[in-house]
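Asker: What follows is a single structure, and I will ask about it in a moment.
The values are calculated or read from the model by the stated rules, or taken from the named source; none is laboratory data. The structure presented is a predicted model; accordingly, all values stated were derived computationally and were not measured. Cβ atoms come from the backbone with ideal geometry, glycine included; neighbour counts cover every protein chain shown.
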Amino acid sequence: MSLQDVPGIRERRVSTGGIELCVAELGDETRPTVVLVHGYPDSKEVWTEVAEQLAEQWHVVLYDVRGHGRSTAPTPLRGGFTLEKLTDDFLAVADAVSPDRAVHLVGHDWGSVQSWEFATVKRTEGRIASFTSMSGPSLDHFGHWIKQRMSRPTPRRVGQLLGQGAKSWYVYMLHTPVLPELAWRGPLGKRWPRILQRLESVPAGDYPTPSLPNDAAHGAWLYRDNVRARLRRPREDAFAHVPVQLITPTGDIFLSERLYDQLELWAPQLVRRTLPAKHWVPRTRPDQLASWISEFVAGIESAQVDGRPLPDPAPTGAHADRFGGQLVLVTGAAGGIGRATAFAFAEAGARVVAVDRDAEGAARTAEMARLIGSPAAWGEAVDVSDEQAMEKLAEKVAAEYGIVDVLVNNAGIGLSGSFLETTSEEWKNVLDVNLWGVIHGCRLFGKQMAERGQGGHIVNTASAAAYQPSRALPAYSTSKAAVLMLSECLRAELAERSIGVSAICPGIVNTNITATTRFAGADAAEEKRLQKRTSRLYGLRNYPPEKVADAIVEAVVHNRAVVPVTPEARAARFLSRFGPGALRGIARLKPPL
Amino acid sequence: MASPVKDATAPELQGFREVQRLAYACAEAVAARLEPGVTEREAARMQREWLRERGVRDWFHLPFAWFGDRTAFAGFKVPLQFFPTNRKLEPGMPFILDMAPVYKGFTADIGYSGCLGLNPLHDKLLADLEAHRALILREVRERRSLREIYEDVERLMIRQGYANRHRAYPFGVIAHKIDRVAERRWSPRVFGFGTQSLKGLVSDALHGHRDGWSPLWSPYSFSDHPPQPGLWAVEPHLGFRGTGAKFEEILVVTDSKDPEQSAFWLDDDLPHVRRWAEERVAA
């Protein structure tokens, strides 16, 4: 959908210093105002989807920066794009759309660079309530960052300088006279949409707009008018006077994450977020951005009502910057690794759907998850091997809670006993839960993720038994080996949609699985004895499920393919590659039961 | 030392009741004085001084205090980590006070969980402890083996989503026997434990070893016997990701045939029991 077609959109012109700015408004004007500032070479259309979603709750304002889109350009261009003049523009827009209330500022790329200026200069104090920055550092902070690294060059610092220096190639290019303009008005301008699609997987739509060649040519002056001057003499007083939310895409090819080290010194009230995405997040991750912006703005608005200085402290768990506000679904969540995983994500501030056959246990997990930092958590009683039940669950989750950002297919059952004693019924049972459960999960929720097209992650709990043959666990190992291969195949397929897939191979972990493991060929009493005995052995090994949960969270953050967790799982993985014969030898041993 | 108690009205129980109440009064008094910045060492000293002023001269063990994630025994590997540290109390932090004074020859061993300010998670843990108090009493009356009861308690904790933190105690005990202690003018301490009480425990262990029972209630095979008549200081301890809660109080086991009289909690008028009753009224 294009910005023009969004229902309820209102356009007006705001004049400032001889320039006419094209300003668009959405949403209820009595609500707090959120101003979105676009980057280079964009126009306000880059925000279409984010703006649409924000408009449900806020008064949203977008404007074409001078010289871009349908705003007029300064004459002459040289000297017409200084940060001081851009600040004039912003104040003119803010005064026009929200005369007596501070606005919430959101900037991407050059929009963020200029917004840093707005958020740190004296004359805007009281006009801005908050600032959400993405992919655009303050030129002053950047200047200090370079100076620090030049003045005390340790190998690491030199590496950081060189790294960012290489990523900034386009900045030098844009300082060349005339050539960039020619390129943009010629071949580059024509090819740009396709380049974006290929490099960034930016979905086609109303963006880039036909005005792109002009925007890009004019916008070159943003760099020429500001970059050299500011980097050479950065302001010493560039302290943010508003709360700042920093959203860092981890795959940004233009900006290194290191640029934001020590940003706390410049922005005392800082909330950090990281997003596994490339540069053009307003196009590729609109849902996540809209939800983070909304949450941040709402927190600050309610803090102002209560007179508190800042919203409640963010969750403190590991990677809270990455998972805050995301939706995580975990199967087998009534105990063991599943429950611990649900808790680990809850501590990181994620919303959690805890799924298990055991309704009471799932509800309990959800309840505890809410107590340790999850903004919302739900328990769902579903048998993962039941296709129809899983379909219903997928529909319900999508309708009521949203699209799942992280799916953890963890539910599984144990079956021990020799192949010849395992009945076909037992085989079916194990495959139904351990393999079909994962297939259903990946099919239903993976499909929703892929259709949304905004990335995500799937974690499948396999087992060290997936690559370690054993005479004691033929059915279980087979089901887990299938899960491992399924994960690897799916990973290849979903990579182009920015959906990561990880297989976790825990090893011997102290969970309840041993107490419910079936033993083929054993009568009830013998089975009870064996269950007790294996539980005791697993208890003696005493590897906590919490550590597996941490490994799962890390696997999602770093998008790891196969993660063996315990030392024995790692050793078996190593042997399976470099000494499979030894592993086969081990497989022949009878387990000490 | 003392002969097994016959029933709840036995006069010597009065002495135990008195010292247990004294200890809980101390815990409540000290808890009320805790404020941000107080260290574990200071809290332990406050308990010691409070009890000394009221006539306590000997200890089963010296008072402990655990703050913050130390209430869940996060990272406890060696017994020295039980001793109070310079950890400072902060708003919202859970704490546990644990003391075992000897008073007029009677011993108590109590644990008091609290929290500085609001902490819904801690409230939840405390509320969930109620089920454990009921479970332990029921199964002791059924004369199950101590090891079995231990495993049932652990299972309940896991079902509730918690970790069993009394596993971190020496021998992983959930309870130990306590008894009368001879009052001596001089009673030195070893690693914070009173030698007189330790002597009682060791002699119990020796006698018990011969007769096939143990004064320690643990997950190991030496606890694979029905509860021995006498007084047991029972301390189920829940842990959940950096928050811990426990209670500790005396369970009386007798050799009476009447199930009601065969086992009972020494005193039902204790802070945690009152708290559960109030919650039920509020609900």
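Asker: For the stretch B:215-228, give me each residue that is in contact with a Phe, Trp or Tyr (Cβ under 9 Å, 6 or more places away or on another chain) and either in contact (Cβ under 8 Å) with a residue 60 or more places away in the chain or at positive phi (or both).
Answerer: B:Trp217, B:Ser218, B:Pro219, B:Tyr220, B:Ser223, B:His225, B:Pro226, B:Pro227 - these are the residues of the stretch B:215-228 that are in contact with a Phe, Trp or Tyr (Cβ under 9 Å, 6 or more places away or on another chain) and either in contact (Cβ under 8 Å) with a residue 60 or more places away in the chain or at positive phi (or both).
Asker: I would also like to ask the following. Could you please find all residues in the stretch A:337-359 being part of a helix (DSSP H, G or I), out of contact with any Ser or Thr (no Cβ under 8 Å at 6 or more places or on another chain) and within 12 Å of chain B (Cβ to nearest Cβ)?
Answerer: Listed by number, the residues that qualify are A:Ala340, A:Ala344.
Asker: Right, something else. So in the stretch B:69-80, with the set limited to residues that are in contact with a Phe, Trp or Tyr (Cβ under 8 Å, 6 or more places away or on another chain) and surrounded by fewer than 24 Cβ atoms within 10 Å (Cβ to Cβ), which one is farthest from B:Ala108 (Cα to Cα)?
Answerer: B:Phe76
Asker: When only residues in the stretch B:139-156 that are under 20 Å from A:Glu360 (Cβ atoms) and out of contact with any Lys or Arg (no Cβ under 9 Å at 6 or more places or on another chain) count, which is nearest to the other protein chains (Cβ to nearest Cβ)?
Answerer: B:Arg155
Asker: Give A:Val50, A:Val35 a once-over and let me know the one that is within 17 Å of A:Ile293 (Cβ to Cβ), in contact (Cβ under 8 Å) with a residue 40 or more places away in the chain and not in a strand (DSSP E or B).
Answerer: Residue meeting the stated conditions: A:Val50.
Asker: Give me a count of the residues in the stretch B:92-130 that are outside any strand (DSSP E or B) and under 27 Å from B:Phe222 (Cβ atoms).
Answerer: Of the residues in the stretch B:92-130, 3 are outside any strand (DSSP E or B) and under 27 Å from B:Phe222 (Cβ atoms).
Asker: Please verify whether the stretch B:231-244 includes one or more residues that are crowded, with 22+ Cβ neighbours inside 10 Å, hydrophobic (A, V, I, L, M, F, W, C) and within 14 Å of chain A (Cβ to nearest Cβ).
Answerer: The answer is yes, given that some residue of the stretch B:231-244 is crowded, with 22+ Cβ neighbours inside 10 Å, hydrophobic (A, V, I, L, M, F, W, C) and within 14 Å of chain A (Cβ to nearest Cβ).
Asker: Further, regarding this structure: Only one of A:Thr517, A:Thr534, A:Thr511, A:Thr566 is more than 23 Å from A:Val330 (Cα to Cα) and among the hydroxyl-bearing types (Ser, Thr, Tyr). Can you tell me which?
Answerer: On inspection, the qualifying residue turns out to be A:Thr534.
Asker: If A:Ala334 satisfies every condition in (1) within 11 Å of chain B (Cβ to nearest Cβ); (2) within 23 Å of A:Ala298 (Cα to Cα) but one, which is the exception?
Answerer: For A:Ala334, the exception is condition (2).
Asker: Please go through the stretch A:1-17 and give me each residue that is farther than 22 Å from A:Asp206 by Cα and at pLDDT below 90, ordered by number.
Answerer: A:Gly17
Asker: Would you point out which residue out of B:Arg167, B:Arg159 is without any contact (Cβ under 8 Å) to a residue 12 or more places away in the chain, within 14 Å of chain A (Cβ to nearest Cβ) and assigned to a helix (DSSP H, G or I)?
Answerer: After applying the criteria, what remains is B:Arg159.
Asker: Considering only the stretch A:377-413, state which residues are of a type in the set (Gly, Ala, Ser) and either crowded, with 21+ Cβ neighbours inside 10 Å or without any contact (Cβ under 8 Å) to a residue 60 or more places away in the chain (or both).
Answerer: Within the stretch A:377-413, A:Ala377, A:Gly379, A:Ala381, A:Ser385, A:Ala389, A:Ala394, A:Ala398, A:Ala399, A:Ala411, A:Gly412 meet the criteria.
Asker: Hey, does the stretch A:68-84 have a residue that's surrounded by fewer than 24 Cβ atoms within 10 Å (Cβ to Cβ), touching a residue at least 60 places away in the same chain (Cβ under 8 Å) and of a type in the set (Asp, Glu)?
Answerer: Looking for residues that are surrounded by fewer than 24 Cβ atoms within 10 Å (Cβ to Cβ), touching a residue at least 60 places away in the same chain (Cβ under 8 Å) and of a type in the set (Asp, Glu), one finds none in the stretch A:68-84, hence no.
Asker: Here is a follow-up. Would you say B:Trp59 is out of contact with any Cys (no Cβ under 9 Å at 6 or more places or on another chain), modelled with pLDDT of 95 or more and not in a helix (DSSP H, G or I)?
Answerer: no
Asker: Please specify each residue of the stretch A:157-206 satisfying the condition of being free of Cβ contacts under 8 Å to residues at least 40 places away in the same chain, small (Gly, Ala, Ser) and within 24 Å of A:Ser256 (Cα to Cα).
Answerer: A:Gly159, A:Gly165, A:Ala166
Asker: Quick one: which residue in A:Ser418, A:Ser374 is assigned to a loop (DSSP other than H, G, I, E, B) and either buried (at least 21 other Cβ atoms within 10 Å of the Cβ) or within 14 Å of another protein chain (Cβ to nearest Cβ) (or both)?
Answerer: It is A:Ser374.
Asker: I need the full set of residues from the stretch A:54-67 which are buried (at least 18 other Cβ atoms within 10 Å of the Cβ) and on the phi < 0 side of the Ramachandran plot, in order please.
Answerer: A:Leu54, A:Ala55, A:Trp58, A:His59, A:Val60, A:Val61, A:Leu62, A:Tyr63, A:Asp64, A:Val65, A:Arg66
Asker: Another question about this same structure. Kindly provide the set of residues from the stretch B:98-135 that are more than 14 Å from every other protein chain (Cβ to nearest Cβ) and free of Cβ contacts under 8 Å to residues at least 12 places away in the same chain, ordered by number.
Answerer: B:Ala134, the sole residue that qualifies.
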